[in-house]
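Remarks on the structure that follows.
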Amino acid sequence: MSVDTSAVVAIIVAVLFLAAWLFVWIIHTISLVFGCRHLYKKRTEAVIPDDKLPGISIIKPLTGVDPNLKSNLESFFKQDYPKDKLEILFSVQDDNDPAILVVKSLIDCYPKVDAKLFIGLKVVGPNGKVNNMVRPYEAAKFDNIVISDTSIKMMPATLHDMAYCQAPDVGLVLQMPYCATRKGFGAVYQQVYFGTMQARNCLSANAANINCSTGMSSMVRRDVLDKAGGLSEFGKYLAEDHFIAEAIRKEGYKVVLSTIPALQNSGSCSISDFHKRLVRWCQLRISMVPTLIILEPLGECFVIGTLASWAVNYLFDVSPLAFFLGHLLLWFLFDFILFKVVENGPLPFSKFEFLVAWTMREFLAPYIILVSHLQDTVMWRNKRYRLRWGGKVDLTSSEGLEAVITI
């Protein structure tokens, strides 16, 4: 009796597709449950007295200005945190940066806040952000270092929450990236992305203790990071946040998630610029974890839905169209609920806008992944980098590297 090899192969492939589909739904479920239990958690324990709170140094690397820069930076001066336990360290690339005027005006407005401005880079590698942070990192007077991007707007209780998450066995506290509510469809599109796909990956990864760190806003213990070579050691990577988290774990410390998300509040809501960010992030993920070349597309709604629809039709003679439509509806409902969990309230825009933004994100996701495979260089902050396997980069071209201090 002969065996139809092609039929056996087809069955195996169909079973694998269904297994991948089921695994994706496990990720959906974990992220939703963990998000409900963790985000905006009410502190039922006793409040930490001010004299027991750890000192925190906030490093803010800046490049240029946008319409929201002043309000974003001002949110750090308005933190509900003891002023004697806090310092803000701003750094700019050179003395021509227009952000200097914004920083100086805020320092004058808030004389009771310990704030300093550093001008000039200390080059330790091709990563411009790390080069911009080394000097304030070395000058910081506290051992808890908050690294925060230009576009982040902090809620008043954020530092308290991050300090609460700190413990003797914790080396890094992350904030899950999200977005402040802004005007325009581009802002809605970005907010839906971070409140659904990005939140799903971040929450499920942290629930499973998998490295899914982002450097938008995090608090690291300097004594732990120094054991791994200090901040300068990570200037050779473009995604320094991922490798800092890896180094913290290797030193035997935990990486935990703050209960309050990080609010991105950039003055630019351009969809084309945002797509460039998505392509860059995809390129970085693939260079660091090559298995994502296969796994990442399988985590997208339209891709895995199409494959699973074929599988159930082949194995069980179920209508592929009916299955696919049911898959889309269930995915949408899970994302809608997750978004409201991340937002911690009702939609900040209309349901129609959510539907359009969600559909656009899901439809364009395979295109973003494809474009990332077709490019072998990364553009970031007016610099062009060539990626190497393992996450290291080579700087191939740059602009505006005056006032540089080399080591």
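A few comments on the model shown:
- Between region 314-331 and region 179-201, the Cα center-to-center distance that results, in Å: 28 Å
- DSSP assigns beta bridges within the chain; of those with both partners inside it, close to 40 percent run antiparallel.
- Compactness check for region 93-212: Cα Rg over 2.2 N^0.38 Å is 1.27.
- Largest GNM mean-square fluctuation among Thr63, Thr214, Thr306, using the chain with Cα springs under 10 Å: Thr306.
- Taking the protein heavy atoms of region 187-229 in the context of the full set of protein chains, the accessible area attributed to carbon and sulfur is 47 percent at 1.4 Å.
- For q = 0.18 Å⁻¹, Debye-computed log10 I/I(0) when each Cα of region 172-237 counts as one equal scatterer: -0.80
- Applying the criteria of a DSSP loop state and at most 16 other Cβ atoms within 10 Å to the trypsin sites (Lys or Arg not before Pro) of region 104-151 yields Lys112, Lys141.
- Top of Leu231, Leu325, Leu257 by mean-square fluctuation, Gaussian network on the chain, Cα under 10 Å: Leu325
- Scaled to the globular estimate 2.2 N^0.38 Å, the Cα spread of region 40-156, given as radius of gyration, is 1.11.
- Helix-only [θ]222 nm of the chain, DSSP H runs n ≥ 4, -39500 (n - 2.57) each, per residue, nearest 500: -16000 deg cm²/dmol
- When only Cα pairs below 8 angstrom with a gap of at least 6 residues are kept, the chain shows a relative contact order of 23 percent.
- Neighbour-limited loop hits for chymotrypsin sites (Phe, Trp or Tyr not before Pro), region 1-39 (at most 12 other Cβ within 10 Å; DSSP other than H, G, I, E, B): none
- Between helix 301-316 and the chain there is an angle of about 20 degrees, using the helix long axis and the longest principal axis of the Cα atoms.
- Loop exposure criterion: GluC sites (Glu not before Pro), DSSP state outside H, G, I, E and B, at most 11 other Cβ atoms within 10 Å. Applied to the chain, the longest stretch between such sites is 46-398.
- Length released on extending from Val289 to Asp84, taking residue separation times 0.36 nm less the Cα-Cα span: 69.6 nm
- Calculated over region 227-343, the projected area of the Cα convex hull averaged across directions stands at 11.1 nm².
- Convex hull of Cα atoms in region 312-374, direction-averaged projection (nm²): 6.2 nm²
- Computed over protein heavy atoms with a 1.4 Å probe, the accessible surface of region 85-191 works out to 35 Å² per residue.
- With the convex hull drawn over the C-alpha atoms of the chain, the volume per residue is 160 Å³.
- The convex hull drawn around the Cα atoms of region 200-296, when projected onto a plane and averaged over every direction, covers 7.5 nm².
- Solvent-accessible heavy-atom area per residue, rounded to whole Å², over region 274-380 at 1.4 Å: 50 Å²
- Helix 99-109 and the longest principal axis of the Cα set of the chain meet at an angle near 60°.
- Among beta bridges that DSSP assigns inside region 1-116, antiparallel share in %, nearest 5: 0 percent
- 14 Å Cα-Cα reach of Lys276 towards aspartates and glutamates, excluding residues that sit fewer than 8 places from it in its own chain: Asp376
- Working note: Cα gyration tensor of region 245-290, eigenvalues times five, square-rooted, sorted largest first, giving semi-axes of 27, 19, 6 Å.
- Shown for region 1-120: the carbon plus sulfur share of the solvent-accessible area, taken with all protein chains present and a 1.4 angstrom probe, equals 64%.
- Taking every alpha-carbon pair under 8 Å whose residues sit at least 6 apart, region 241-362 reaches a relative contact order of 15 percent.
- For the chain, the longest principal axis of the alpha carbon atoms and the long axis of helix 197-207 meet at an angle near 80°.
- Between Pro136, Pro61, Pro168, the Gaussian network model of the chain with springs among Cα atoms under 10 angstrom shows the greatest mean-square fluctuation at Pro168.
The values are calculated or read from the model by the stated rules, or taken from the named source; none is laboratory data. No experiment lies behind these values; they were computed from the predicted model shown. In this analysis, Cβ positions are derived from the backbone assuming ideal geometry, glycine residues included, and neighbour counts consider all displayed protein chains. Just so you know, the surface numbers come from the protein's heavy atoms only, side chains and all, with ligands and any DNA or RNA stripped out. Shrake-Rupley method; radii C 1.70, N 1.55, O 1.52, S 1.80 Å.
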